[in-house]
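Reviewing the structure listed below.
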Amino acid sequence: MNLLIRGAHLRFPHQNLDRIGDVLFTHGRVIALDPPETLTRGAQVVEARGAWLIPGLCDLAARLREPGATHKADIRSEATAALINGITHLTLPPDTEPVVDSTAVTELILRRAREARGATVHVIGALTRGMGEETLAELGTLRAAGCIAAGNIGRPIGNNNVLRRALQYAASLDVPVHLQAVDPWIGADGVAHEGRVAALQGLAGVPETTETLALARDLMLIEETGVRAHFARISTGRGAAMVAAAKARGLPITADVAMPNLLLNENDILPFRSAAHLRPPLRTANDRDALRTALAEGTLDAVCSDHQPHDADAKLKPFPATEPGASGLDTFLGLGLNLIANRVLTIEQWIDRAAIAPRRVLGMAPPLIEADALPDFALIDVDHERLIETTTMASRGKNTPFLGWRLAGIVRLAAIGDRLYVRGEA
């Protein structure tokens with residue numbers, strides 16, 4: 001069955017498309033942009049009425065909880081939730097249980113993702129076996145099994161020599177690395193940004209230097225080894241400034257920021273709001289504003305959801321004992337539109353930072369609307385507001401600090417390859 005999206009506002013800035021138009025496609029293939037009537041006969045019609053047709057969003061960090069924690073969520077539930085929310089690509093960090101350090105684990109995840117028929121899942125392999133401090137993982141084997149990159153996300157490598165050898169190994173194979181700049185000792189017991197708010201609540205702090213010291217080390221090793229590197233979840237203004245300086249020196253790096261760090265700050269953990277217990281933590285309002293500026297200017301290349309679904313019990317203990325992380329798939333689109341409405345980003349900047357730049361980080365070409373291209377887009381009604389409630393969230397994880405927020409944007413249709421979501425159908 002052919003589908004015709006009629007009267008959509010086409011917003012593909014990288015393709016110089018910013019106008020009303022029609023798109024005819026079938027499962028797995030775009031047939032035509034602005035097709036003649038002879039091609040559209042018999043097609044199922046979706047009346048867009050000016051809704052935006054944009055590239056499918058691409059998320060650089062989404063825990064899917066499989067393998068290892070399927071009582072929280074699983075690949076099928078979260079890949080489906082992503083597509084419902086206009087996210088056509090998800091990137092899974094390596095800190096699953098077991099860790100993504102073998103062909104068997106990689107192939108299991110990719111097979112389950114194909115069976116789920118939701119968003120496409122990309123896997124980051126571990127730099128070291130078990131994400132430990134001793135033996136390097138077999139990066140060539142992981143790449144051959146389907147890993148898109150290698151990284152230490154979730155468990156920082158404290159041994160400088162081990163990290164140096166891992167980066168040398170990755171550089172020799174031209175495997176890009178995803179690094180999270182976290183010192184494994186400074187602030188290791190912290191649960192909130194080290195500052196006034198944490199002190200008032202008697203919470204152990206995570207200082208700025210947890211990020212900046214690790215970032216300084218990693219940048220020096222990147223400069224020495226020449227490895228292509230992406231920094232995940234920069235959370236401080238000083239960290240963003242260090243990324244800017246390293247880019248100015250010509251280092252082959254990119255970086256992203258998590259959506260909550262652009263919308264919230266340390267005050268949002270008051271009073272002991274476990275939904276806002278995140279890692280990296282919410283920083284100061286000045287950090288939030290600096291991160292916004294860095295994202296708008298392109299110092300930070302991309303924004304991600306940092307999706308971390310939890311079961312209800314994980315957030316019911318006293319704040320320090322709760323598990324960090326927020327479910328992010330259901331709010332990613334609406335919070336992005338919030339950044340546009342508040343003039344943090346232009347429409348073109350948001351589409352780039354949430355859809356195009358993440359694909360560049362992953363080594364993927366941007367999606368196009370043209371004959372024979374792979375469908376990879378979402379039709380969003382930006383004039384429709386919705387209340388964020390646990391009963392309406394598609395993810396199995398209902399743990400979000402944005403409960404009760406009214407956010408613009410619903411996804412009427414999303415397509416990736418031969419997989420399709422149409423609102424009201426499933």
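The values are calculated or read from the model by the stated rules, or taken from the named source; none is laboratory data. Computed from a predicted structure; not experimentally measured. Using ideal geometry, Cβ is built from the backbone for each residue, glycine included, and neighbour counts are taken over all protein chains shown. Ligands, DNA and RNA are stripped out before the accessible areas are found, and what is left, the full protein with its side chains, is counted by its heavy atoms. Shrake-Rupley method; radii C 1.70, N 1.55, O 1.52, S 1.80 Å.
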Quote the relative contact order of region 171-293 in percent (integer), defining contacts as alpha-carbon pairs under 8 Å separated by 6+ residues. 28
Can you tell me which of 229-236, 379-386, 3-10 comes out highest on packing, and rank the rest after it, using the mean Cβ neighbours within 10 Å? 229-236, 3-10, 379-386
Extension gain (nm, one decimal) between T293 and H27, 0.36 nm per residue minus Cα-Cα: 91.8 nm
Looking at the chain, how many pairs of lysines come closer than 18 Å at the Cα, when each pair is eight or more places apart or spans two chains? 5
V177 accessible area, 1.4 Å probe, all protein chains in place, Å² to nearest 10: 0
Note on the chain: contact order normalised by length, alpha-carbon pairs under 8 Å, 6 or more apart, percent, works out to 19
Among the DSSP beta bridges whose two residues both lie in the chain, what percent are antiparallel, rounded to the nearest 5? 50
Quick one: length gained pulling T392 to T70 fully straight, 0.36 nm per residue minus the C-alpha distance? 113.9 nm
In whole percent, how big is the carbon plus sulfur part of the accessible area of the chain, probe 1.4 Å, protein atoms only? 50
Roll a 1.4 Å probe over the protein heavy atoms and report the accessible area of I222 in Å², nearest 10. 0
On full extension of the chain, what length is gained from A216 through W185, given 0.36 nm per residue of separation minus the C-alpha to C-alpha distance? 9.6 nm
Heavy-atom accessible area per residue, region 243-328, 1.4 Å probe: how many Å²? 35
Using a Förster distance of 30 Å, the FRET efficiency for E115-Q44 (Cβ separation, nearest 0.05): 0.70
Under a crude label model (7 Å from the Cα following the beta-carbon direction), how far is N267 from H384 in nanometres? 3.4
If the elastic network links every pair of Cα atoms under 10 Å, which of D376, D256, D189 fluctuates the most in the Gaussian network model of the chain? D189
Using protein chains only and a probe of 1.4 angstrom, how many square angstrom of M364 are accessible, to the nearest 10? 40
Return the FRET efficiency for the residue pair I20, R360: r is the Cβ-Cβ distance, R0 is 35 Å, and the value is rounded to the nearest 0.05. 0.80
Give me the dipole magnitude in Debye, nearest 20, for region 283-348 about the Cα centre, with unit charges on the beta carbon: positive for Lys and Arg, negative for Asp and Glu. 240
For region 1-123, what is the charge dipole size about the Cα centre, in debye to the nearest 20, if Lys and Arg each add +1 at the Cβ and Asp and Glu each add -1 at the Cβ? 280
Mind putting a number on the dipole of the chain about its Cα centre? Charges go on the C-beta only, +1 for Lys and Arg and -1 for Asp and Glu, and I need it in Debye to the nearest 20. 240
Against the longest principal axis of the chain, how steep is helix 285-297, in degrees 0 to 90 to the nearest 10, with axes from Cα atoms? 50
